[in-house]
Amino acid sequence: MKGKRAIVLASFGTSEAAARGSTLDLLAKEVQEAYPSVSVRQAYTSNFVRRRMASEGISAPSVPECLEALAQEGCEEVVVQPTHLSPGEEYENKILSLRPEFQRRFARFSLGTPLFFHEENGSAREADFAVGLRTVMDCFPPETGEQLVLLGHGSPHRHNPIYEELQDVADRKGWPVHIGLVEDTDTPNFSMVERRLKEKKADLVLLAPLLLTGGIHVSEDLAGEGEHSWKRRLQGLGFSVRVCMKGLGTFPEFRGLYLEKLRKLMI
């Protein structure tokens, strides 16, 4: 293999081929172009996604399967970069938990962090969050008078404070950004976003996904015609809603945030 070095891009994944092609596959291509002497692999943490891809004849290794294959191939140095936006259960249980075993298997084993990560010191964290959110706003630029509502996935069975920290950063910067999560049992939820919009006396809303690949959460939860979609609920409250359905991974400037994280790991 190339120089016995490898980069593993570890993603939740998506079962939609078009969404993979326009996000995760593009990121892998850009990483390979940036590091031509390194073997770049993709791995997936979602069991559902891996089963669906396998049923279509597409290779879809889990992260430990990918790392085991690299060890068997004689790889000496491995960098694992998650593409998850936040350190939820998928990252902690299916990526971070692998470090003790695979640190022993390779001469060098480096594990990156999700894009928005909360275990850094306060000033560094806020700076990273601000850069990330500014990039999201560049991807979904609000027009005059619009408030940007970002819909994320969240962790309904285990509260993830990252989204509240992101909202705090946006508020301190004075940005017209309001972050909500798919499940009403998670926070910040629809009612909290509704209250924020009313406090701003908003009329115009740009609704967009705080998601890397989009998929069903965009087509149904965000922009669907069902009564529970955020678009329909916001319209029902009297807001004029403009919708963007592109996953963040379709934007080169957002993919560039992962390339920057890798640059620091590859030193």
Handout entry: Of the criteria (1) of a type outside the set (K, R); (2) surrounded by fewer than 17 Cβ atoms within 10 Å (Cβ to Cβ); (3) free of Cβ contacts under 8 Å to residues at least 60 places away in the same chain; (4) closer than 17 Å to K246 by Cβ, which one E143 fails
Key = (3)
Practice task
Consider Y44 carefully, then state whether it is within 30 Å of I179 (Cα to Cα) and hydroxyl-bearing (S, T, Y).
Solution key: yes
Practice task
Test T45 against the criterion of being among the hydroxyl-bearing types (S, T, Y), farther than 19 Å from M266 by Cβ and surrounded by 12 or more Cβ atoms within 10 Å (Cβ to Cβ), and give yes or no.
Solution key: yes
Fill in the blank from the handout: Scanning the range 16-51 for residues that are under 23 Å from E92 (Cβ atoms), out of contact with any strand residue (DSSP E or B) (no Cβ under 8 Å at 6 or more places or on another chain) and in a loop (DSSP other than H, G, I, E, B) gives T23, S46
Completion exercise
How many residues of the range 223-246 are at pLDDT below 95 and buried (at least 21 other Cβ atoms within 10 Å of the Cβ)? The answer is 1
Practice task
Can you give me the number of residues within the range 64-104 that are part of a loop (DSSP other than H, G, I, E, B) and either surrounded by 14 or more Cβ atoms within 10 Å (Cβ to Cβ) or in contact with a strand residue (DSSP E or B) (Cβ under 6 Å, 6 or more places away or on another chain) (or both)?
Solution key: 9
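The values are calculated or read from the model by the stated rules, or taken from the named source; none is laboratory data. Given the structure is predicted, the values throughout are model-derived calculations rather than measurements. Don't worry about glycine lacking a Cβ; one is built from the backbone with ideal geometry, like all the others, and counts go over all protein chains shown.
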